[in-house]
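Encoded as structure tokens, the structure appears first; notes follow it.
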Amino acid sequence: TTTLLLIVLGAIIIFASEYHNSLANYSLANKSLVAYFQSVTTRTAGFNTIDLNYFRSSTLFLLIILMYIGASPGSTGGGIKTSTFSLILLRTWNTLRSKDKANFAKRTISNENTLKALSIIFLSAITISVVFFIILTFENHSFLANLFETVSAFGTVGLSLGITKDLSNVGRIAIMILMFIGRLGPLTIAFALSRQKPKTNYSYPEENVLIA
């Protein structure tokens, strides 16, 4: 369901945003096809049928979001995965409705799944931010181009605004490391590097923390 919604909504937004811009010289059928294809290819396919440098900044930002979400679990694609994205949306919606659990299709999603999804989003955001800071420090390209390159590497998408060949050695190493992390998953790497501690049979008293 999430994959279908992301592809359809992405295609509609790209079509509307680029209708009089990069798609202006295409027929209606080709405009629809290009918009649909670019929505699909951000899910780690890595191909583009049109020069992305002609896209509006708003469209490129949409592509960044789609690349960050990435593919579905169990696939060879990167990103935080569609299940993580949808689970967080579902849990947030239920929290706003003052519900303690995330329910969908007459099923209750366990709190363990929710905590893992939150951990993935947090770790991925930190990882992308660190690499993005390095790219901004050592590269002279635009802010949006650097961000696009960084998120594309994390999602192992393969899309670029053409700056890959001009990256410094530091930038290339940072991008390669990020691609590796994005493919395996930040949570998987964190578990692999952390020491396994024996589970305890006790718990401390609960405490409420002021959030907002």
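Quick one: length gained pulling ALA125 to LEU4 fully straight, 0.36 nm per residue minus the C-alpha distance?
Here the segment from ALA125 to LEU4 would lengthen by 41.1 nm.
Suppose each label sits 7 Å from its Cα in the direction of the beta carbon; what would the ASN25-TYR54 distance come out to in nanometres?
Taking the simple label geometry, ASN25 and TYR54 are separated by 0.6 nm.
I'd like the accessible area for PHE148: 1.4 Å probe, protein heavy atoms, all chains in place, Å² to the nearest 10.
Here the residue's solvent-accessible area equals roughly 0 Å².
Largest first, please: the extent of the C-alpha atoms of the chain along each principal axis, to the nearest Å.
Sorted largest first, the three principal extents are 66, 45, 34 Å.
Calculate, for THR200 and ALA105, the FRET efficiency according to 1/(1 + (r/R0)^6) with r their C-beta to C-beta distance and R0 41 Å; round to the nearest 0.05.
0.75
What is the sum of charges, Lys and Arg at +1 and Asp and Glu at -1, for the other residues whose Cβ falls under 9 Å from the Cβ of HIS141?
In short, -3.
Taking R0 as 35 Å, what's the FRET efficiency between GLU207 and ILE177 from their Cβ-Cβ distance, rounded to 0.05?
0.40
Where Rh is the Kirkwood radius over the Cα pairs of the stretch 1-101, the temperature 37 °C and the viscosity 0.692 mPa s, what D in µm²/s does Stokes-Einstein return?
Answer, rounded: 227 µm²/s.
Ordering SER98, SER58 by how much accessible area each has at a 1.4 Å probe, largest first, what is the list?
Sorted descending by solvent-accessible area, the residues read SER98, SER58.
Order ASP100, ASP51, most accessible first, counting only protein heavy atoms with a 1.4 angstrom probe.
Output order, biggest surface exposure first: ASP100, ASP51.
So what is the accessible area of the stretch 12-146 per residue, in Å², with the probe set to 1.4 Å?
That works out to 58 Å² for each residue.
Once fully extended, how much extra length lies between LYS165 and LEU118, figured as 0.36 nm per residue of separation less the alpha-carbon to alpha-carbon distance?
13.5 nm
The values are calculated or read from the model by the stated rules, or taken from the named source; none is laboratory data. Remember, it's a predicted structure, so these values are computed and weren't measured experimentally. Please note: Cβ atoms are built from the backbone with ideal geometry, for glycine as well, and neighbour counts cover all protein chains shown. To get the accessible areas, we keep the full protein, side chains included, count just its heavy atoms, and leave off ligands, DNA and RNA. Shrake-Rupley method; radii C 1.70, N 1.55, O 1.52, S 1.80 Å.
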